[in-house]
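Heads up: the structure comes next, in structure tokens.
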Amino acid sequence: MSINKNTKLTFFLPDFESELKIPFIKEGVSAGFPSPAADFMETNIDLNKELSENPLATFYIKVKGNSMIDAGINDKDVLVVDRSLEPQNNKIAICFIDGEFTVKRILIEKESLYLVPENPNYPPIKITEENELIIWGIVTYVIKKV
């Protein structure tokens with residue numbers, strides 16, 4: 001069974017030694033009335049550290065494909081993945097199935113396990129004893145260009 005030959009994931013490790021400091025406004029930004037945000041630019045943020053609860057178990061993956069668009073995961077988005085988190089029902093995971101990587105939602109139903117896309121154009125994958133499945137990690141954040 002082929003997952004989708006057009007779907008490829010590119011893996012990256014976070015650089016926790018980076019000296020790049022980006023200004024961070026921790027008070028947030030108003031989605032209602034404007035606020036003078038520039039007055040609060042006193043802190044810096046390191047996104048590698050901010051997005052990694054378990055740095056040694058965290059990696060990034062660039063998505064290619066559109067099987068997860070209804071979950072807000074689009075082609076070229078970067079996923080932050082934590083390998084230390086336990087796979088659970090309804091979580092989005094990076095899976096290695098039958099020699100191919102894919103990103104899908106985990107669905108546990110009675111005695112069955114499914115990898116479910118978030119796009120009606122793709123069928124769910126029912127996991128059977130014949131499949132080789134490794135859950136590589138759980139997606140914790142999606143980074144996208146707007």
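The values are calculated or read from the model by the stated rules, or taken from the named source; none is laboratory data. Source: prediction; values computed, not measured. Quick reminder, even Gly has a Cβ in these numbers, built from the backbone with ideal geometry, and neighbours come from all protein chains shown.
Observations
- Matching entry among VAL142, VAL146 (being under 21 Å from GLU50 (Cα atoms) and in contact (Cβ under 8 Å) with a residue 40 or more places away in the chain): VAL142
- Test for LYS62: is it surrounded by fewer than 15 Cβ atoms within 10 Å (Cβ to Cβ) and assigned to a strand (DSSP E or B): no
- Residue tally, condition assigned to a strand (DSSP E or B), surrounded by 13 or more Cβ atoms within 10 Å (Cβ to Cβ) and under 20 Å from the mean Cα position of the chain (by Cα), over the stretch 114-146: 13
- Qualifying residue in the stretch 135-144 (condition: at pLDDT 95 or above and over 20 Å from LYS62 (Cβ atoms)): no
- LYS104 vs. criteria within 17 Å of GLY72 (Cβ to Cβ) and surrounded by fewer than 19 Cβ atoms within 10 Å (Cβ to Cβ): no
- Of all residues in the stretch 40-59, those satisfying the criterion of being hydrophobic (A, V, I, L, M, F, W, C) and either touching a helix residue (DSSP H, G or I) at 6+ places or on another chain (Cβ under 8 Å) or modelled with pLDDT under 75 (or both) are PHE40, MET41, ILE45.
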